[in-house]
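I'd like to ask you about the structure that follows.
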Amino acid sequence: MNNSVSSTARLMWAGLRALLVLTVICGVIYPLAVTGVAQALFNNKANGSEIRSEGKVVGSELIGQRYDLPLKKGEETPAPDLKWFQPRPSNGLGSNTVNTQYKLLLSGATNRSGDNAELIKWVTDAKAAVVKDNATATYEVKPSDVPADAVTSSGSGLDPDISPKYAELQVHRVAEKNDLSVAQVDKLVKDNTDGRILGFMGEPTVNVLNLNIALKALTEK
């Protein structure tokens, strides 16, 4: 009996020591080491790829933002603020009504089959809005000019980038709304266009937040 109790006690003590050692290694030392390496070698990415403007964090280069006017009485969705470059549609965004303490966002996409009536209506309405919003007295926008990313959201609904073609489509409207020349705004787009990864992977993109920060700086000169 005494041998049995003694053996059990030794096993429990060995198990407790193993638990304590593994807790220190896996729960303290390893996380601190990984965090230290990440902060030292990949500081920006480790902190969420933050974008700063005027000394403040204004967003992440990985998550899209909307640029809308204040919601008016009777409106279900706010109208876009047309002095800014607009991102891809974010139909997938919605409020989480489960947690009422915080206003959380649920991401999603406009994924539907090609002949889905709801998708066809979304795309048709979005294309008409893009044509209307971006046409100026001196610049005509045709439905055939509207790229796919202007009328559909990304897989997450949170894409921070648009295609150079969609950015260029907005140049005349942004120039007019901000009393700038088309050449000035067109240069902003070109300066904020990122090429293909390693020169051959993916497509060129324009980060909308970075572009609008550059636009703000130009208008405040």
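Skipping prolines and chain starts, which residues have an amide H placed within reach, meaning under 5 Å, of the one on Y139, given they are 5 or more residues away or on another chain?
Under 5 Å from the amide H of Y139 lies no amide H from a residue far enough along the sequence or on another chain.
Additional query: Please give me, ordered by residue number, the GluC sites (Glu not before Pro) of the range 114-221 that lie in loop per DSSP and have at most 11 other Cβ atoms within 10 Å. Mind dumping the intermediate values first?
Working: sites: E118, E140, E168, E176, E220; in loops: E140, E220.
Here the GluC sites (Glu not before Pro) that fit, given the DSSP loop and packing criteria, are E140, E220.
Could you work out how far apart the two model spin labels at T138 and D81 are, taking each label as a point 7 Å from the Cα in the direction of the beta carbon, and quote it in nm?
2.6 nm
Would you please give the FRET efficiency between K216 and I63, computed as 1/(1 + (r/R0)^6) with r the Cβ-Cβ distance and R0 = 22 Å, to the nearest 0.05?
Values: r = 19 Å, r/R0 = 0.85.
In this case the efficiency is close to 0.70.
Can you sort D161, D191 so the residue with the fewest Cβ neighbours within 10 Å comes first?
Working: D161 25, D191 11.
Ranking D161, D191 by Cβ neighbours within 10 Å, fewest first, gives D191, D161.
Could you sort 202-215, 32-45 so that the peptide with the highest average Cβ count within 10 Å comes first and the rest follow in order? Before the final figure, lay out each step's value.
Details: 202-215: 19.6, 32-45: 10.6.
The packing order, highest mean first, is 202-215, 32-45.
Moving to a separate point now. Find how much the distance from S4 to K121 grows on full extension, using 0.36 nm per residue of separation minus their present alpha carbon separation; answer in nm with one decimal.
On the way: separation 117, 0.36 × 117 = 42.12 nm, distance 7.56 nm.
34.6 nm is the gain from fully extending S4 to K121.
Further question: How big is the chain along each principal axis, measuring the range of its Cα positions in Å and listing the largest first?
97, 42, 41
Work through the residues other than S49 whose Cβ is under 13 Å from its Cβ and net out their charges, Lys, Arg +1 and Asp, Glu -1. Walk me through the numbers on the way to the answer.
Numbers: positive: K45, R52; negative: E50, E61, D161.
Every neighbour counted, the sum reads -1.
Enter the mean projected area of the convex hull around the alpha-carbon atoms of the range 1-61, in nm², rounded to one decimal. Before the final figure, lay out the partial values.
Working: hull surface 24.1 nm².
The directionally averaged projection comes out at 6.0 nm².
While we're on this one: Going by amide H atoms built from the backbone, whose H comes under 5 Å of the H on S154, apart from near neighbours?
Residues meeting the amide H criterion: D159.
Enumerate the lysines that K132 could reach by cross-link, defined here as Cα to Cα under 26 Å, with residues fewer than 8 away along the same chain left out.
Qualifying lysines at Cα under 26 Å: K72, K73, K83, K121, K142, K165, K177, K187, K190, K216.
Given the options I25, A148, V123, identify the residue whose Cα lies farthest towards the positive end of the charge dipole of the chain (+1 on Cβ of Lys, Arg; -1 on Cβ of Asp, Glu).
Result: I25, furthest along the dipole toward the positive end.
Hey, another quick one. If you line up the long axis of helix 30-41 against the longest principal axis of the chain, both from Cα atoms, how many degrees apart are they, to the nearest 10?
That works out to roughly 30 degrees.
Could you name the aspartates and glutamates whose alpha carbon sits less than 19 Å from that of K56, not counting residues in the same chain fewer than 8 places away?
Those aspartates and glutamates meeting the cut-off are E220.
Every number in this text was worked out from the coordinates using simple rules, so none of it is lab data. On a predicted model such as this, the values are computed, not experimentally measured, just so you know. Because the Cβ atoms are built from the backbone with ideal geometry, glycine has one as well, and the counts that use them run over all protein chains shown.
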